[in-house]
């Protein structure tokens with residue numbers, strides 16, 4: 001499936017929007033629950049979302065280009081949301097794991 005540059009930009013930037021919106025939430029959760037819990041849950045979450053992206057994109061869409069692109073954008077935003085929680089955890093987690 002050939003996709004124009006504009007649509008590629010939309011799909012790829014969808015990750016950023018999810019990632020940017022969960023920075024503060026990730027810091028709050030790491031203070032509340034601990035960095036280890038937040039980091040492990042985020043790693044499991046983004047791994048599962050990454051693995052199911054091609055499967056869900058093919059299974060949930062009727063083959064139309066617009067449905068596939070909408071599903072990809074939704075999955076990329078969710079992946080960014082899950083992965084965005086880890087931005088500020090690296091320093092805190094290294095201190096707390098030792």
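A short reminder: the numbers here are calculations on the coordinates, not readings from a lab. Every value quoted in this text rests on a predicted model; they were computed, and no experiment measured them. Here the Cβ is made from the backbone with ideal geometry for all residues, glycine too, and neighbour counts use every protein chain on show.
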Per-residue Cβ contact counts at 10 Å, fewest first, order 19, 28 as 28, 19
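Classify region 1-87 from the C-alpha gyration tensor, please: rounded if a/c falls under 1.5, else prolate or oblate depending on whether a/b exceeds b/c. Provide the component values of the computation, followed by the final result.
On the way: a/c = 3.63, a/b = 2.00, b/c = 1.81.
The shape class here is prolate.
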If R0 = 30 Å, then residue 33 and residue 4, at their Cβ-Cβ distance, give a FRET efficiency to the nearest 0.05 of 0.10
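Beta carbons within 10 angstrom, averaged per residue: use that to sort the peptides 51-58, 34-41, 74-81, 9-16, highest first. The partial results should precede the final answer.
Numbers: 51-58: 12.6, 34-41: 16.6, 74-81: 19.8, 9-16: 14.6.
Going from most to least packed, we get 74-81, 34-41, 9-16, 51-58.
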Under a crude label model (7 Å from the Cα following the beta-carbon direction), how far is residue 59 from residue 11 in nanometres? 2.0
